[in-house]
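Every number here is computed from the coordinates shown, using simple stated rules; none is lab data. Worth saying up front: this structure is predicted, and the values here are computed from it rather than measured. Ideal geometry is used to build each Cβ from the backbone, glycine not excepted, and the neighbour counts take in all protein chains shown.
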Amino acid sequence: SLTQHGVDTAKHLTGKYDYVMISTMTRTRETFENSSIEAGIIEYSTLCREKISGKTLSNLLDLAEEGLSESDEDFEFRIKLLIKFLHRKGKQYDHILVVCHYGVIEALTGEKLANATFFSTNKLESLM
């Protein structure tokens with residue numbers, strides 16, 4: 001669950017998006033639910049879920065995901081699928097938001113961001 005600091009930070013998130021993809025993990029759902037983000041279409045997806053390893057706490061996962069583990073190769077493959085998916089969505093929607101995790105943002109962009117950082121790009125082509 002989000003800490004009170006996380007809830008307070010989420011309350012400052014705003015914007016209007018045609019399509020919002022949200023990780024199925026608990027904290028991202030709570031971040032979106034506590035934000036003021038306006039969304040046309042909302043989709044929850046495991047494509048933008050953090051990499052699941054033995055260190056992933058079970059309270060961050062849906063019940064269906066508990067006990068899963070993902071290799072580095074599996075995670076990299078899923079990120080490639082996510083990029084293809086976002087490219088397709090980019091042809092349908094002008095403003096897309098992905099509410100996800102540090103590891104996913106790093107895998108997509110190569111950027112190392114601080115916790116609770118909003119990262120924006122105008123070019124899907126810039127995704128790795």
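Summary table
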| quantity | calculated |
| --- | --- |
| Percent of Cα-Cα distances greater than 14 Å, calculated over segment 73-116 | 54 |
| K11 versus E76: modelled label distance in nm, points set 7 Å from Cα along the beta carbon direction | 4.3 |
| Sites K84 and D18, calculated FRET efficiency, Cβ-Cβ separation with R0 22 Å, nearest 0.05 | 0.70 |
| S1 paired with Q92, simple spin-label distance in nm, labels 7 Å along Cα-to-beta-carbon | 3.4 |
